[in-house]
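J.: Below: one structure in structure tokens.
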Amino acid sequence: MSLEGLDMPQKKEKEKEIKEVKEVKETKKEAVSALAIAVIKTGGKQYKVKVGDVLKVEKLDQALGAKQEFEDILNGKKVTAEIVGEGKLDKVMVSKFHAKKRYERHVGHRQNYTQIKIEAIK
């Protein structure tokens, strides 16, 4: 946009408007990227994620700090995550019982998990 032919107060006014429009555009871009969501599939489950989410998924064979890529099953976007932890979930008790047969069995199970942090959705 040409500012020639305008006197000084008009030039300053136009420059201020242009600067405000650029700031609004940058803010919109940041807001859109922050709202980007994806649905990833890992370990037989689907997770709805956005940038910055930390979630526990089925055990992955990666070292701590490693990067893992997933694919968005809705839009085909690449989702990049960093592995931030590993561990075991709480114990789940499984009980079997047969009435009038004196049969009772209890088994516990702790599932392994990997904790990941979503870094980017592209």
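The values are calculated or read from the model by the stated rules, or taken from the named source; none is laboratory data. This one's a predicted model, so the numbers in the text were calculated from it and none came from an experiment. All Cβ positions, even for glycine, are placed from backbone atoms using ideal geometry, and neighbour counts span all protein chains on display.
J.: Cβ-Cβ below 8 Å, separation at least six or inter-chain, first residue in region 105-117 and without any contact (Cβ under 8 Å) to a residue 12 or more places away in the chain and assigned by TED's automatic domain parsing to the domain that holds L89, second of a type outside the set (A, V, I, L, M) and surrounded by fewer than 16 Cβ atoms within 10 Å (Cβ to Cβ): which pairs?
T.: So the pair list comes out as R105/S95; R105/K96; R105/F97.
J.: Pull up region 71-109, narrow it to residues that are over 25 Å from the mean Cα position of the chain (by Cα) and in a loop (DSSP other than H, G, I, E, B), then point me to the one that is nearest to E58 (Cα to Cα).
T.: Per the criteria, the residue is K91.
J.: What about Q68, is it part of a loop (DSSP other than H, G, I, E, B) and surrounded by 15 or more Cβ atoms within 10 Å (Cβ to Cβ)?
T.: no
J.: Right, next: Checking I116 against (1) surrounded by fewer than 16 Cβ atoms within 10 Å (Cβ to Cβ); (2) modelled with pLDDT of 95 or more, which test does it fail?
T.: (1) is the only condition that I116 fails.
J.: Keeping to region 21-63, report how many residues are aliphatic (A, V, I, L, M), modelled with pLDDT of 80 or more and loosely packed, with under 13 Cβ neighbours inside 10 Å.
T.: Within region 21-63, residues that are aliphatic (A, V, I, L, M), modelled with pLDDT of 80 or more and loosely packed, with under 13 Cβ neighbours inside 10 Å number 2.
J.: Can you give me the number of residues within region 36-62 that are part of a strand (DSSP E or B), charged (D, E, K, R) and more than 16 Å from L74 (Cβ to Cβ)?
T.: Number of matching residues: 2.
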